[in-house]
Amino acid sequence: MDASSIGGCFMNIEHSNIEASLRCFLNSKFMFDSLSLSRSHNPFALPPVATNVNLYHTRLNSFVIPGVKKLELHVAEDQEERLTFSADLEDLIIYTNRSIQMTLPPNLRKLDISAFNSSVNFISQQMVNLENLSLTLPNIQTFNATGITAPNLKTLFLQCDSMNNLDDLRQFQRLNNLVLKGFYYPIGLFNEGSFPELEKFRCWECFFPDSEDFDNSSLTFPPNLKELEINVIRFQNVNISSSVFPSTLTRLTLANFSFNYDYLGDNLQYIDVRTSKLIFKSDFRIPQMAKEFSLNASYLTFESMDFMYLLPADLVRLNLFARESGKINPITQMVEWPSKMSEINFKNFNIDYFKLKQLNLNESGLTKIYISGGDVKKLDAGLFPVSVKDLSLTEMGIQQLADSFENLENLQKLSLQGNQLREVTSVKLPMATLETLDVNQCNLRLISPFVVSMLEEKNKNAKLRIYARGNLNVSVIDIRKTLKAIKGLSLDLSNFDNTLIEIANRSSRLRCIEEPLDPYIVESKTDDLYNGSESSSDQESGGTKKKRRNI
């Protein structure tokens, strides 16, 4: 047996003796790779039976545990205030809701301390091996107050509500990765070419000074930065167009402040922008090195679609997401998609049939296509590439479907949610690959038109799950007959009918989901619904009605 891959877990059980149990392993010279102990309130000495230990509200006589390299400690409420650890420890993680004093082992490589509404006092000597440090400390005002000295620190995460001055961080000139959460943006921290080895900087849930004296031009960045993420906790009208990003920057993520595409550098490969309002003029182009480009705005406007005719050769994903309203000019040329392109996501641009055709999707190699918001009327399956695996066309004003989607021979997921498909009579689907069909809120009357392909001999073993919630006019009789005829079909519906709810309680293939009814959905007509007396019930009864057969 390979003991190096075995983990042990012990929970406090009344009258149990965890220490005695662990002694048995020690005597047998058995070693766990990892050991987890939970809620043992009686202090005991932990024998050296693991190199990786997790203690959850467990008291020990001593945390100086021989042989342990990694320790995760959830401090118990009645734990002694002073904590000391083995000098062999390399990785220490502590979560505490009470104030503690701890002596830090000198050979630590990774230290993660999370104190919630409490304080932590450190006793520490210089830690030359410490490379990864994470501190969540609500009461500390400066970094130097921790007493931690780590000249070779590579990664630093700070979430410290009372810390306003970050000048102490200048001592860590060898940092490679810096994450700040809940701070004012550290304006001036990166002046004069400081942090020459910093490649990743993230400022999460941050703020900018709300002052007329704030000088946008004072935003500077480390000279060799490769990844930058600035996420403002709430929208602020901050203009950083005068800032100059380093030429090394390849990944840019910005959220909740004003954005100007003029400062998008040519070397950017991953761009993700979330803001309130974006307007792109005719001169806009996606940076030519881009692999992923994502825009998410409440109001998103493109005054020209010229950028779509000059897409970067290495582009893989394109996401244009208008949360409230999007505007695009007519697509006057057929779009030529890069050969590496695999995914697009367009939302709220009122894509009609002509625009959908001009997108020239059928000539692409896309595997994921998500388009939401439009007025297509009749959907032609020939508009989409054979390569597509996940096709989502939601709220597109579709009223008629193509007779067949079997040309999409790689299709696994098809979503038509929010279209008006009541009059659909028959549609063939690629059952060799299709796994799910989403027709939620499509005002359906019948389910059977979507499963005609499953009745064919070649598809007799096919399985399909249909999501059809929010269709309150659907025929219960049709549902029952369809489920009985096609054993590979599974169905999700709203719980609008008691008969279906009864069937769902006995069937693994039917789920009736409880949800509030939409007052704008038309009430079901009584002649559409099965009233419980139809002889074609899937529960066949004898004369005594004692024999039943589940779906």
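Every number here is computed from the coordinates shown, using simple stated rules; none is lab data. Everything quoted here is computed from the prediction, not taken from an experiment. Don't worry about glycine lacking a Cβ; one is built from the backbone with ideal geometry, like all the others, and counts go over all protein chains shown.
Of note:
- Across the range 410-416, rounded Karplus estimates of 3J(HN,Hα) from the backbone phi angles (6.51 cos²θ - 1.76 cosθ + 1.60, θ = phi - 60°) give 10, 5, 10, 10, 10, 10, 10 Hz, Gly and Pro being marked x.
- Based on C-alpha pairs under 8 angstrom that are at least 6 apart in sequence, the chain has a relative contact order of 4 percent.
- Environment charge of residue 462, counting only residues whose C-beta is closer than 14 Å and scoring Lys/Arg +1, Asp/Glu -1: +2
- Burial ordering of 244, 439, fewest other beta-carbon atoms within 10 Å first: 244, 439
- Net charge of Cβ neighbours under 10 Å - reference residue 396; Lys, Arg +1; Asp, Glu -1: -2
- When the convex hull of its Cα atoms is projected in every direction, mean area for the chain (nm²): 35.0 nm²
- Net charge, residue 206 excluded, C-beta distance under 11 Å - Lys, Arg +1, Asp, Glu -1: +1
- Per-residue extension of 0.36 nm, minus the Cα-Cα distance of residue 335 and residue 436, leaves a gain of 33.4 nm for this segment.
- Per-residue ³J(HN,Hα) for the range 457-466, Karplus 6.51 cos²θ - 1.76 cosθ + 1.60, θ = phi - 60°, Hz, x for Gly and Pro: 4, 5, 10, 5, 9, 5, 10, 8, 10, 10
- Dividing the helix sum by the residues of the chain, where each DSSP H run of 4 or more adds -39500 (n - 2.57), gives a mean residue ellipticity at 222 nm of -2000 deg cm²/dmol.
- Linear extension gain, residue 173 paired with residue 407, 0.36 nm per residue minus alpha-carbon span: 78.4 nm
- Crossing angle, helix 476-485 versus the chain [Cα axis fit, 0-90 degrees, rounded to tens]: 80 degrees
- Trypsin sites (Lys or Arg not before Pro) within the range 135-229: DSSP coil, no more than 14 neighbouring Cβ in 10 Å: none
- Once backbone amide H atoms are built at 1.01 Å from N, residue 50 has 32 as its partners under 5 Å, excluding neighbours fewer than 5 places away on the same chain.
- Size of electric dipole in the chain: Cβ of Lys, Arg +1 and of Asp, Glu -1, about Cα centre, debye, nearest 20: 1820 debye
- Between residue 78 and residue 145, the contour length at 0.36 nm per residue exceeds the alpha carbon distance by 21.5 nm.
- q = 0.13, 0.19, 0.26 Å⁻¹: log10 I(q)/I(0) that the Debye formula gives for the range 372-463, counting C-alpha atoms only: -0.39, -0.86, -1.58
- Residues in the range 286-306 reached by a label modelled at residue 316 [backbone nitrogen below 16 Å; 7 Å Cα→Cβ]: 289-294
- Karplus-derived HN-Hα couplings along the range 304-315 (A = 6.51, B = -1.76, C = 1.60, θ = phi - 60°), whole Hz, x at Gly and Pro: 8, 9, 4, 4, 6, 8, 9, 5, x, 5, 9, 5
- Between helix 18-27 and the chain: long-axis angle, C-alpha atoms, 0 to 90°, nearest 10: 80 degrees
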